[in-house]
1. Taking only segment 66-94 into account, find how many residues are farther than 22 Å from LYS494 by Cα, hydrophobic (A, V, I, L, M, F, W, C) and in contact (Cβ under 8 Å) with a residue 60 or more places away in the chain.
2. When both residues are 6+ apart or on different chains and their Cβ atoms are under 7 Å apart, which pairs have a first residue that lies in segment 208-234 and is more than 19 Å from LYS295 (Cα to Cα), and a second that is basic (Lys, Arg)?
3. Looking at segment 69-95, which of its residues are open to solvent by 10 Å² or more (accessible area, probe 1.4 Å), closer than 20 Å to ARG451 by Cα and under 22 Å from the mean Cα position of the chain (by Cα)?
4. Being within 16 Å of the ligand (Cβ to nearest atom), part of a loop (DSSP other than H, G, I, E, B) and in contact with a strand residue (DSSP E or B) (Cβ under 8 Å, 6 or more places away or on another chain) is the filter here; which residues of segment 24-58 pass it?
5. Quickly run through segment 464-478 and pick out the residues that are free of Cβ contacts under 8 Å to residues at least 60 places away in the same chain and more than 18 Å from TYR96 (Cα to Cα).
6. Being in contact with a Leu (Cβ under 9 Å, 6 or more places away or on another chain) and at positive phi, is that true of even one residue in segment 416-424?
7. Whether any residue in segment 190-213 is in a helix (DSSP H, G or I), crowded, with 23+ Cβ neighbours inside 10 Å and among the aromatic types (Phe, Trp, Tyr) is what I want to check.
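The values are calculated or read from the model by the stated rules, or taken from the named source; none is laboratory data. The structure displayed is predicted, hence computed values, not measured ones. Here the Cβ positions follow ideal geometry from the backbone for every residue, glycine too, while neighbour counts run over all protein chains shown. Protein only, heavy atoms only, side chains kept; ligands, DNA and RNA dropped before computing areas. Shrake-Rupley method; radii C 1.70, N 1.55, O 1.52, S 1.80 Å.
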Amino acid sequence: MRIILSTGILSLLVAVSGFSDNSVRRFKDGFLFGAASAAYQVEGAWNEDGKGRSIWDDHFHSDPDQGPAPGDVASDSYHNYKRDVEMLRELGVDVYRFSISWPRVLPRGFSNVKNEPGLKYYDNLIDELLKYNIQPMVTIYHFDLPVVLQHLGGWANPYSVEWFEDYARVLFDRYARKVKYWITVNQPNSVCEVENYENHLARSTKGVMDYMCAKNLLLAHARTYRMYEKEYKKKYGGSIGISISVNWAEPVTNSTENVEAAEIYREFKYGMYLNPIWSKSGDFPKLVKDRVAKKSKEQGFARSRLQSLSKDDIKLIKGSADFLGLNHYTTFLTSPSKGSHPVPSFADDVSVDVTTKDEWTQSHSAWLKSAPYGLYKACLHLNKHYDYPAIFITENGWSTDKGLKDSSRSEYIQQYLKALLFAIEDGTQALGYTHWSLMDNVEWMAGTSERFGLYEVDFDSPERTRTARQSALVYKRIIQKRMVEERWTPKNLKISVSEVKTEL
Ligand code: GAL
């Protein structure tokens, strides 16, 4: 009997064990390297030049005794964008992923009132990037909804589909000539999980608003994709996708119930967004539809809390992305929930507990441990279930405390990029990678205590001085060589702008 070991299994063995063979794997020439950030997390200037308030400004300013909010100044990129671009040049990247603040350009949420200084800020940033041959990749929405729209129910309001479309049109009209990479929404799966909200109002909508939001965000995304496809794509030749959080999940042991828990977890956490766009049949996953319908009935609801998508909705959403923006950080091990959850709630619908392995290196964020093989497995899962989608890794990153010697981040980058090379070898169509993040920023509820930057930001200095960490040099070297040299460390922390920049 012949025993055939597929490249997949071999690669996986290598990826899991960290064991390296002698062959050199390289990133192809067209593969784009970059770094990422998001408006609320870096811009600051929260009430300058006519900007409106976002839900995050409001959240942090709701208690008048609390003092300034972390995002009031943040990394002050609003005033430091030239230095940001200089840092990107030092790294030698091809692309910068940043987001546009909706309330900065449309302070009242709707497109009738445009804020010219806000629009001008992004003109300046885009021009500065293009001047140095760095492609802008624009995320249209990264968590910072104008607060006026939240007062109308935010993403639970079916009209949010139109508000978003109108906002996106303003951006396309202004920037589509120069911007070739667009992302409609960052992590709809995080935006819609009511568990993520702290306030009482949100808590009382658990298990209901999550699904209203999911449907509306998918429609908002798809309508915007179709608008771009029809009116801008041919003219300017760009591409547009959506970024979804896909952390790998697998059973803690191979018992039937743990295996089932992994599937439930994956389908609820990201299948809900992947299936409607990338599966052959479209629509929400059957597992999710059946489970929510059953629970809703048991709970006395007249109909499923997950509203159905119509035939037209399914058609509109199916295939509405040129690439899948993959945000991947870590891996979780699943088993059926032992405790109870509020009823109804998304957590109760899922009813899966997650854990991790003790031996995985811990970052400075409680939820984030390093398990690079998970990226390999996530990519293969996507290939199998969604027929080899084009993938752009729009986020992958590591948190530390303050300090420039961040060998744990260097190792994380090396290991995850190595896992990506194996995934590419086994068929993954990877277009590029933007590391999260270019610089330290406001890590949402954690403020500035969890540092994700290749560059350290001194939040105590009025200038928000930026300094390259060791990992910035390690990443620069990978970009230069287009390969991962696992034991490479820089001799010192000096970094300067790369002289030679290849034409894109
Ligand atoms: C992502 C999010 C980013 C950043 C990162 C690190 O989920 O899109 O804004 O905060 O996590 O936690």
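1. Summing the residues that are farther than 22 Å from LYS494 by Cα, hydrophobic (A, V, I, L, M, F, W, C) and in contact (Cβ under 8 Å) with a residue 60 or more places away in the chain in segment 66-94 gives 2.
2. Matching pairs, first to second residue: MET227/ARG169.
3. Once the filter is applied, which keeps residues that are open to solvent by 10 Å² or more (accessible area, probe 1.4 Å), closer than 20 Å to ARG451 by Cα and under 22 Å from the mean Cα position of the chain (by Cα), segment 69-95 yields PRO70, ASP76, TYR78, TYR81.
4. SER37, ALA38
5. THR465
6. Checked against the condition, which is being in contact with a Leu (Cβ under 9 Å, 6 or more places away or on another chain) and at positive phi, segment 416-424 yields no hits at all.
7. Yes, segment 190-213 contains a residue that is in a helix (DSSP H, G or I), crowded, with 23+ Cβ neighbours inside 10 Å and among the aromatic types (Phe, Trp, Tyr).
The rows are residues; the columns are (1) modelled with pLDDT under 95; (2) more than 12 Å from the ligand (Cβ to nearest atom); (3) assigned to a loop (DSSP other than H, G, I, E, B); (4) farther than 14 Å from SER75 by Cβ.
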| residue | (1), (2), (3), (4) |
| --- | --- |
| PHE422 | no, yes, no, yes |
| TYR433 | no, yes, no, yes |
| MET445 | yes, no, no, yes |
| GLY453 | no, no, yes, no |
| GLU456 | no, yes, no, no |
| PRO462 | no, yes, yes, no |
